[in-house]
Amino acid sequence: FFAFAKWYTKECKRGQAKQFGEDIKQFINACAYESFNEVLRFAYNEAKGLNVGAKAPDFLLADIDGNPVSLSDYRGKVVYLDFWATWCSPCVRMLPHSQRLQNQFKDKDVVFLYISLDKSKKAWESYVRNNTLTGIHLATSNGDIYQSEIAKIYRVKHLPAYFLIDKNGNIAQSPAKSPSSSQIIGQINSLLLIK
């Protein structure tokens, strides 16, 4: 059992959790060693990301003006959650697309939350203000990038990372399409129709 548990755990860490999902479930049901099952369950859940339909983890972060903002403040609205950083060139390239997407939904119940994983709060503030970026801009409090609490609870391991959260505060897309994708407009529109 040990060899199989170790191998499945390794495959999960290599990004193969979904591919081996059924095999892993069968292994856990057959394995009598709970310590092996516990390690494998953790690796599998960590690797597969947040489940669609699950409650989106709430958080409390400061916005660019120092005001506290939590995800639950936006219950009743569709939330497009964008994890980014000023040092991430793909993130920066997506920002103009994101601004256009915001404009498209400006009179709708859609909120755009941008969570910076920058190490330097000064660099982040400067970038947002100098580029007059709209939306709600938040930053991690400790600047540890992927080790920050918010990155861990949303399982962000690379940037950019996007999530769509429905009006009830549930994960609707994990990961969500990028703001440049033609599919994101339809996904947001379909969430706006749900009561």
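The values are calculated or read from the model by the stated rules, or taken from the named source; none is laboratory data. Owing to the predicted nature of the structure, the values given are computational and were not obtained by experimental measurement. Using ideal geometry, Cβ is built from the backbone for each residue, glycine included, and neighbour counts are taken over all protein chains shown. Protein only, heavy atoms only, side chains kept; ligands, DNA and RNA dropped before computing areas. Shrake-Rupley method; radii C 1.70, N 1.55, O 1.52, S 1.80 Å.
Starting from region 7-27, take each residue that is β-branched (Val, Ile, Thr) and modelled with pLDDT of 85 or more and list its partners that are assigned to a loop (DSSP other than H, G, I, E, B) and surrounded by fewer than 12 Cβ atoms within 10 Å (Cβ to Cβ), counting only C-beta distances under 7 angstrom and pairs at least six apart or across chains.
Correct list of pairs: empty, since none qualify.
Sort through Ala32, Ala5 and tell me the only one that's open to solvent by less than 100 Å² (accessible area, probe 1.4 Å) and assigned to a loop (DSSP other than H, G, I, E, B).
Details: Ala5 fails: assigned to a loop (DSSP other than H, G, I, E, B).
Exactly one of Ala32, Ala5 is open to solvent by less than 100 Å² (accessible area, probe 1.4 Å) and assigned to a loop (DSSP other than H, G, I, E, B), namely Ala32.
Test Leu101 against the stated conditions and say whether it is touching a residue at least 24 places away in the same chain (Cβ under 8 Å), assigned to a loop (DSSP other than H, G, I, E, B) and more than 17 Å from the chain's Cα centre (by Cα).
Values: touching a residue at least 24 places away in the same chain (Cβ under 8 Å): yes; assigned to a loop (DSSP other than H, G, I, E, B): no; more than 17 Å from the chain's Cα centre (by Cα): yes.
Criteria not met by Leu101.
Residues are listed down the side, and each one gets a yes or a no for (1) over 25 Å from Gly66 (Cα atoms); (2) touching a Ser or Thr at 6+ places or on another chain (Cβ under 7 Å); (3) among the acidic types (Asp, Glu):
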{"residue": "Lys106", "(1), (2), (3)": "no, no, no"}
{"residue": "Asp109", "(1), (2), (3)": "no, no, yes"}
{"residue": "Glu125", "(1), (2), (3)": "no, no, yes"}
{"residue": "Val128", "(1), (2), (3)": "no, no, no"}
{"residue": "Thr132", "(1), (2), (3)": "no, no, no"}
{"residue": "Lys152", "(1), (2), (3)": "no, no, no"}
{"residue": "Asp166", "(1), (2), (3)": "yes, no, yes"}
{"residue": "Ile185", "(1), (2), (3)": "yes, no, no"}
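Ile64 is checked against (1) open to solvent by less than 90 Å² (accessible area, probe 1.4 Å); (2) out of contact with any His (no Cβ under 6 Å at 6 or more places or on another chain); (3) under 24 Å from Ser120 (Cα atoms) and fails just one. What number does that condition carry?
Going through the list (1) open to solvent by less than 90 Å² (accessible area, probe 1.4 Å); (2) out of contact with any His (no Cβ under 6 Å at 6 or more places or on another chain); (3) under 24 Å from Ser120 (Cα atoms), Ile64 breaks only (2).
Starting from residues that are part of a helix (DSSP H, G or I) and open to solvent by 30 Å² or more (accessible area, probe 1.4 Å), keep the ones in region 9-19 and report whichever is nearest to Gln173 (Cα to Cα). Before you say what the answer is, go through the steps one by one.
Filtering region 9-19 for residues part of a helix (DSSP H, G or I) gives 9-13.
Cutting the leftovers down to open to solvent by 30 Å² or more (accessible area, probe 1.4 Å) gives us 10, 13.
On the way: Lys10: 26, Lys13: 22 Å.
Applying the filter and picking the extreme gives Lys13.
Table: residues versus (1) among the aromatic types (Phe, Trp, Tyr); (2) buried (at least 18 other Cβ atoms within 10 Å of the Cβ); (3) at pLDDT 95 or above.
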position	(1), (2), (3)
Tyr80	yes, yes, yes
Trp84	yes, yes, yes
Trp87	yes, no, no
Cys91	no, yes, yes
Leu95	no, yes, yes
Ser98	no, yes, yes
Phe112	yes, yes, yes
Lys119	no, no, no
Lys122	no, no, no
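If I ask for residues that are among the hydroxyl-bearing types (Ser, Thr, Tyr) and part of a strand (DSSP E or B), which ones from region 134-181 would you list?
Tyr162
Go through region 166-195 and give me each residue that's over 13 Å from the mean Cα position of the chain (by Cα), farther than 18 Å from Gly76 by Cα and of a type outside the set (S, T, N, Q).
Pro179, Ile184, Ile185, Gly186
Being touching a Gly at 6+ places or on another chain (Cβ under 9 Å) and polar (S, T, N, Q) is true for just one of Ser116, Ser178, Ser120. Which residue is that? Spell out the reasoning first.
Details: Ser116 fails: touching a Gly at 6+ places or on another chain (Cβ under 9 Å); Ser178 fails: touching a Gly at 6+ places or on another chain (Cβ under 9 Å).
Only one candidate qualifies: Ser120.
Quick check on my filter: what residues within region 67-78 are open to solvent by less than 50 Å² (accessible area, probe 1.4 Å) and of a type in the set (Ser, Thr, Tyr)? Reasoning before the result, please.
Of region 67-78, the ones open to solvent by less than 50 Å² (accessible area, probe 1.4 Å) are 69-71, 74, 76, 78.
If the condition is that a residue be open to solvent by less than 50 Å² (accessible area, probe 1.4 Å) and of a type in the set (Ser, Thr, Tyr), then Ser70, Tyr74 are the ones that fit.
For residues that are among the polar types (S, T, N, Q) and closer than 19 Å to Gln173 by Cα, scanning just region 20-69, find the one that is nearest to the chain's Cα centre (by Cα). Lay out the reasoning, then the answer.
Of the residues in region 20-69, the ones among the polar types (S, T, N, Q) are 26, 29, 35, 37, 45, 51, 67.
With closer than 19 Å to Gln173 by Cα added as a condition, the list becomes 45, 51.
Working: Asn45: 15, Asn51: 11 Å.
Filtering first and then ranking leaves Asn51.
Within region 149-165, identify whether any single residue is more than 30 Å from Cys12 (Cα to Cα) and either of a type in the set (Ser, Thr, Tyr) or loosely packed, with under 13 Cβ neighbours inside 10 Å (or both), and answer yes or no.
Here is the first cut: in region 149-165, the ones more than 30 Å from Cys12 (Cα to Cα) are none.
The answer is no, given that none of the residues of region 149-165 is more than 30 Å from Cys12 (Cα to Cα) and either of a type in the set (Ser, Thr, Tyr) or loosely packed, with under 13 Cβ neighbours inside 10 Å (or both).
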